[in-house]
C-alpha cells in the first residue's frame, strides 16, 4: 500500500497521526509475530496485530487531554481509511464496504477493550482475550501463547512511559523486542 498516495494530509494533527499509524503498522507486520508466535499470517491475523498496536497507542494518547483526543481520532480515521482501501483491493464493492467496515469497527473496539481489561487487571483476562481474538483460528503452543502475552505486557509498559506530547506530535517507537529472551528479535 502506498501510504503517501492514500493518506495525503494537510493538518499537523493528521500528519502526526500518519506517522504514528506508520509506526504501529510497521510493528504489527514484524514477521516474528507470524513465525515464532504463531499469529495467523492472514488478513484477520494482520488486522488483529494492527488492532493490538493501535490500542496501545490510543490508550496512551488518552493521557494527552484534548490534543491527545484529537490525535487519537485522527489515528482512528486513518485506520478506517486503510481498512476501506484494503477491502476495495480485495474486491469488495461499494455496496459491501459499509457492512464490512461496521463489522471491523465492532471487532476493533471489542478487541481493544478486551485487551485493555486484560492489561489493567487479571493476567488470565489477557490470556483469555488473546485466545478469543488473536488465536481464535489457530493453535499456538503454550510457549507461543505465553510469549505473546509477555510481549503485549512489555509493549504496553513501553508505550505507557513514552512522552505523550511527543506521541501527539507523531514521535514514538515500538522498539520492544517481540521475543523476551536472549534470542529476541528487535522490531
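Which ones in region 151-182 are exposed (fewer than 15 other Cβ atoms within 10 Å of the Cβ) and either touching a strand residue (DSSP E or B) at 6+ places or on another chain (Cβ under 8 Å) or closer than 26 Å to residue 127 by Cβ (or both)?
Matches in region 151-182: 154, 157, 160, 161, 175, 180, 181, 182.
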Tell me which of these residue 92 doesn't satisfy, since it passes every other one: (1) surrounded by 13 or more Cβ atoms within 10 Å (Cβ to Cβ); (2) modelled with pLDDT of 80 or more; (3) in a loop (DSSP other than H, G, I, E, B).
(2)
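Given the structure, is residue 22 assigned to a helix (DSSP H, G or I), within 23 Å of residue 154 (Cβ to Cβ) and free of Cβ contacts under 8 Å to residues at least 24 places away in the same chain?
Values: assigned to a helix (DSSP H, G or I): yes; within 23 Å of residue 154 (Cβ to Cβ): yes; free of Cβ contacts under 8 Å to residues at least 24 places away in the same chain: yes.
The answer is yes for residue 22.
Have a look at 85, 153, 157 and point out the one that is under 18 Å from the mean Cα position of the chain (by Cα), in a helix (DSSP H, G or I), farther than 22 Å from residue 38 by Cα and at pLDDT 90 or above. Quick ask: steps written out before the conclusion?
Numbers: 85 fails: at pLDDT 90 or above; 153 fails: farther than 22 Å from residue 38 by Cα.
Step by step, each of 85, 153, 157 is checked, and only 157 is under 18 Å from the mean Cα position of the chain (by Cα), in a helix (DSSP H, G or I), farther than 22 Å from residue 38 by Cα and at pLDDT 90 or above.
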Say we look at region 113-122 and pick out the residues that are in a helix (DSSP H, G or I) and out of contact with any helix residue (DSSP H, G or I) (no Cβ under 7 Å at 6 or more places or on another chain); which of these is nearest to residue 55 (Cα to Cα)?
113
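The values are calculated or read from the model by the stated rules, or taken from the named source; none is laboratory data. Keep in mind that this is a model prediction, so the values were computed, not measured. A quick note on method: Cβ atoms are made from the backbone with ideal geometry, for glycine too, and the neighbour counts reach across all protein chains shown.
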